[in-house]
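Just below is one structure, and these are the notes that go with it.
The values are calculated or read from the model by the stated rules, or taken from the named source; none is laboratory data. Here the structure is a predicted model, which means the values were calculated and not measured. For neighbour counting, all protein chains shown are included, and Cβ atoms are generated from backbone atoms with ideal geometry for every residue, glycine included.
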Amino acid sequence: MSMSGLPPGFIPSYETCHEVSAYCPVKATTIGYAPVKGLNIFLAAGYALAAVITLGVGVWKRTWSFSLSVAAGCILECVGYVGRALLADNPWNGDAFKIQIVALVLAPTLICVGLYLTLKHAVTNLNRSLSRLSPKLYPAIFVPADVSCLIVQAIGGGVAAAAGRDSYELLQHGNRTIIAGIVLQVVVLGFFGALAGDYLFRAARYFGSGGVTAQQEPGAMLWVDKKFRMFLYAMAVAYTALMIRCIYRIAEMAGGWGNHIMQDEPSFVVLESFMVLIASLLLAVFAPGIFFPQMSRSGRARGDKEGDAGMVTGTDTPGTEMEHL
């Protein structure tokens, strides 16, 4: 045996180790610890609850796109924390390790779609002319961009999960690809936040100016509606939580697999687990079908008709938009 107590040439990895032993200590795993089982069961249950609420309200209120994307992300999060609960029993469970890598990297990207979809409907129902972009462009821009983040991270996660003990370079390629996907996600989130913040600032100024036209009264009534304001605040907090998570993930992955940040469970729980759970529960509890019913299928139909009428009468013309700036 070597001075470390391991057989000569032995390298602990998910291929050579199948349980904790003198040759395969917990510290040698990629995350460097056995996750707290009870906490991860709690997290899995929390995400499952968020998925059930989101799907239930989505079917009830017919907010299909929002509900399916957010629920899919919550289900994936649930699977990821089931994987971490299995790692609590056996930190060298290679399958559980791969499951939690892929699931927890990809899930928040799906949840972000829910945020992107809300901006189009908020603009449509408040005042289209205040937006710098046509409402239809918001999902057309951000959903494909989000899918691109998902694909890049999926490729990186797949490469990292498939890398074996003799594939350190391949593991690093997977790591760099995941980082690229998360950085792209931060850029997309940042751009979205800038556009949403700009629109809401302009809306606040317009509806508070006292010069609201009769045609914009429905939007003015929505703007002061308490439920809608609660919905906006919930979306803002969810957005902030998801942004914090993405920035944390960049820092976590930047040091490579097994770095000191990745091996610190408290920071992962606070900045990853609970940030995404907070966002998921806010999107579930403050569901648009209840707090912003205009986002439902019937509400969208009404908004589109009003928007078409507005275009016919010229309320979305550049001249009219300039009057509201």
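Taking Ser148, is it of a type in the set (Ser, Thr, Tyr) and not in a helix (DSSP H, G or I)? Answer is no for this residue. Evaluation of Ala241 against the conditions (1) within 26 Å of Gly32 (Cβ to Cβ); (2) surrounded by 19 or more Cβ atoms within 10 Å (Cβ to Cβ); (3) among the small types (Gly, Ala, Ser); (4) more than 22 Å from the chain's Cα centre (by Cα) shows that the sole unmet condition is (4). Within region 256-290, can you find the residues that are within 15 Å of the chain's Cα centre (by Cα) and not aliphatic (A, V, I, L, M)? Glu272, Ser273, Phe274, Ser280, listed by residue number.
For region 85-137, which positions are of a type in the set (S, T, N, Q), within 19 Å of Ile41 (Cα to Cα) and touching a Cys at 6+ places or on another chain (Cβ under 7 Å)?
Within region 85-137, none qualify.
When restricted to residues that are over 12 Å from Val36 (Cα atoms) and in a helix (DSSP H, G or I), region 84-94 contains 1. Would you check if there is a residue in region 13-30 being β-branched (Val, Ile, Thr), in a loop (DSSP other than H, G, I, E, B), at pLDDT below 95 and within 30 Å of Ser280 (Cα to Cα)? Yes, because at least one residue in region 13-30 is β-branched (Val, Ile, Thr), in a loop (DSSP other than H, G, I, E, B), at pLDDT below 95 and within 30 Å of Ser280 (Cα to Cα). Could you say whether any residue in region 129-143 is of a type outside the set (D, E, K, R) and under 13 Å from the mean Cα position of the chain (by Cα)? Yes, that holds for at least one residue.
Conditions (1) touching a residue at least 24 places away in the same chain (Cβ under 8 Å); (2) β-branched (Val, Ile, Thr); (3) in contact with a Ser or Thr (Cβ under 8 Å, 6 or more places away or on another chain), marked per residue:
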position	(1), (2), (3)
Ala196	yes, no, no
Gly211	no, no, no
Pro218	yes, no, no
Val237	yes, yes, no
Arg245	yes, no, no
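Taking the conditions (1) modelled with pLDDT under 90; (2) within 24 Å of the chain's Cα centre (by Cα); (3) of a type outside the set (Lys, Arg) in turn, Thr313 satisfies each one other than (2). Highlighted here are the helices (runs of 4 or more DSSP H) found entirely within region 247-292 that include at least 2 residues which are closer than 30 Å to Met221 by Cβ: 274-285, 288-291.
Residues considered: Gly181, Gly174. Of these, the only one that is modelled with pLDDT under 95 and over 20 Å from the mean Cα position of the chain (by Cα) is Gly174. Return the residue satisfying two criteria in turn: it lies in region 244-279 and is of a type in the set (Ser, Thr, Tyr) and over 20 Å from Phe192 (Cβ atoms), and of such residues it is surrounded by the most Cβ atoms within 10 Å (Cβ to Cβ). Of everything passing the filter in region 244-279, Ser273 is surrounded by the most Cβ atoms within 10 Å (Cβ to Cβ).
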